[in-house]
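Before any comments, here is the structure.
The values are calculated or read from the model by the stated rules, or taken from the named source; none is laboratory data. Since we're looking at a predicted model, the values are computed, not measured. Cβ sites come from the backbone with ideal geometry, for glycine too, and all protein chains shown count toward neighbours.
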Amino acid sequence: MTNNIRKLRQLKGLTQQELADKLGLSKFNISDYEIGRTEPDIQTLKKFADFFEVSIDYILKNSNSKDIPIEPDIEMDDFQFALYGEVKDLTDEQKQDLMDMIKIIKRKN
Amino acid sequence: MNRIEILIDKIINNDIKYIEYDTKLITAAAIKINKNKAIIVNKNKFKDSKDFYVTLSHEFLHCNHDVFYNMEDSIQTRKRREYKIDKLMVQELVPLNEFKKLLKYGLNKYEISEEMDVTEESVDLAFKIYKNMGEL
């Protein structure tokens, strides 16, 4: 089964481990779901849907659904960065800032 | 041209994109996407022109020395890389000989920052780094 979990995770700037921690799953679960090795059950799908604020249908669709503004071409391996200021774990808001910055650079390239 | 404009020119001439953007939290970042490098700053977040200049210099050094990290890198790795850039920045903006001379004259942090036209935080950083290097 193909799904949008990887895209949604990357859009939020989360690693597999971070997403797993937020949802009470293991990193291996996330990895398996993303590559389609195993399928999440309905409870897990609901967790994903609530967390990403999208429908279960969207998660399962291998789609170009327009219901959220997704820019699928940001891959975690694509970019490196350095942020000014004290080095500590990035908050979700900082990650969102970073993703926005990357989108802007990509548009300008 | 003032020194900030000169630095921005230098950034652009080094094939690095310079982008001003209204970020929510991040003051400045150096970002490398594939082989393309960019510096993004939110000008509204700087205290003054010294702060802007020091930050821009720091981000330029990241790009120039190709020192970045990724989401999977540990805090330790990030700290090590930031330290490397801080060290280069201090050596460039607060040269040791001049710094030593001002310390010898008994100038305080504020006075040194005024004399060298850098932020007080840079003076603190210089003191820490030169001390770590065994120079002070």
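Which one is farthest from the other protein chains (Cβ to nearest Cβ), of the residues in the stretch B:70-88 that are crowded, with 17+ Cβ neighbours inside 10 Å and closer than 25 Å to A:Thr91 by Cβ? Only one residue tops the list, namely B:Asp86.
Residues in the stretch B:3-24 that are without any contact (Cβ under 8 Å) to a residue 12 or more places away in the chain and more than 20 Å from A:Lys106 (Cα to Cα): 3 in all. Only helices (runs of 4 or more DSSP H) whose full extent lies in the stretch A:1-56 are considered here, and none of them has at least 2 residues that are of a type in the set (Gly, Ala, Ser) and under 22 Å from B:Glu72 (Cα atoms). Tell me yes or no: at least one residue of the stretch A:81-92 is more than 30 Å from A:Gln43 (Cβ to Cβ), modelled with pLDDT of 85 or more, surrounded by 14 or more Cβ atoms within 10 Å (Cβ to Cβ) and of a type outside the set (A, V, I, L, M). Yes, there is a match, as at least one residue in the stretch A:81-92 is more than 30 Å from A:Gln43 (Cβ to Cβ), modelled with pLDDT of 85 or more, surrounded by 14 or more Cβ atoms within 10 Å (Cβ to Cβ) and of a type outside the set (A, V, I, L, M). Residue count for the stretch A:89-109 satisfying the condition of being more than 14 Å from the chain's Cα centre (by Cα), aliphatic (A, V, I, L, M) and more than 14 Å from B:Asn36 (Cβ to Cβ): 1. Taking the stated definitions as given, is B:Leu107 at the interface with chain A (Cβ under 10 Å from one of its Cβ atoms) and either of a type in the set (Ser, Thr, Tyr) or more than 30 Å from A:Leu19 (Cα to Cα) (or both)? Spelling it out, it is not the case that B:Leu107 is at the interface with chain A (Cβ under 10 Å from one of its Cβ atoms) and either of a type in the set (Ser, Thr, Tyr) or more than 30 Å from A:Leu19 (Cα to Cα) (or both). Scanning the stretch B:89-109 for residues that are aromatic (Phe, Trp, Tyr) and surrounded by 15 or more Cβ atoms within 10 Å (Cβ to Cβ) yields one hit, B:Phe99.
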